Amino acid sequence: MGRLFVESLEGNIYSCKHCKTHLAILEDIVSKVLSPSPFPSLCIYFVNVTLGEKEERMMITGMHIVADIFCVRCGSIVGWKYESAYEKSQKYKEGKFILERYFRLYSIVCNSMEH
Ligand SMILES: [Zn+2]
């Protein structure tokens with residue numbers, strides 16, 4: 001284990017429900033632009049997460065190489081990162097993060113930071 005750096009985000013953020021560590025900025029949830037479905041959410045900007053092992057995973061949109069992402073503080077799984085996509089039409093996802101649907105609905109809280 002290295003030193004733990006926990007970044008704080010400003011704005012409308014998603015945080016880990018278990019430990020309240022900030023994970024993503026709401027404005028960076030771009031799924032509405034990229035996909036008709038609001039879930040799962042494709043995020044550009046994530047902080048305070050660690051990447052798991054890369055593995056091939058079959059998605060609805062085809063085969064991808066993905067890595068699960070975990071909350072850096074409590075280790076909860078929060079979604080996954082698209083490392084690479086086989087389908088040309090899915091290439092835009094590469095390097096982007098997904099907040100897992102389940103986690104977003106039930107385990108990620110959206111904090112509205114007014115000050
Ligand atoms: Zn956490």
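Since every read-out is calculated from the coordinates, none of them should be taken as a lab result. Every value quoted in this text rests on a predicted model; they were computed, and no experiment measured them.
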Under the Karplus relation with 6.51, -1.76 and 1.60 and θ = phi - 60°, whole-Hz ³J(HN,Hα) for region 69-74, x at Gly and Pro, equal 10, 10, 4, 5, 8, 10
Out of residues 5 or more away from Gly79 or on other chains, whose amide H comes under 5 Å of its own, with H placed 1.01 Å from N in the peptide plane?
Ile69, Glu100
Placed amide H near Ser15: partners under 5 Å, 5+ positions off or other chain:
Leu23, Val109, Asn111
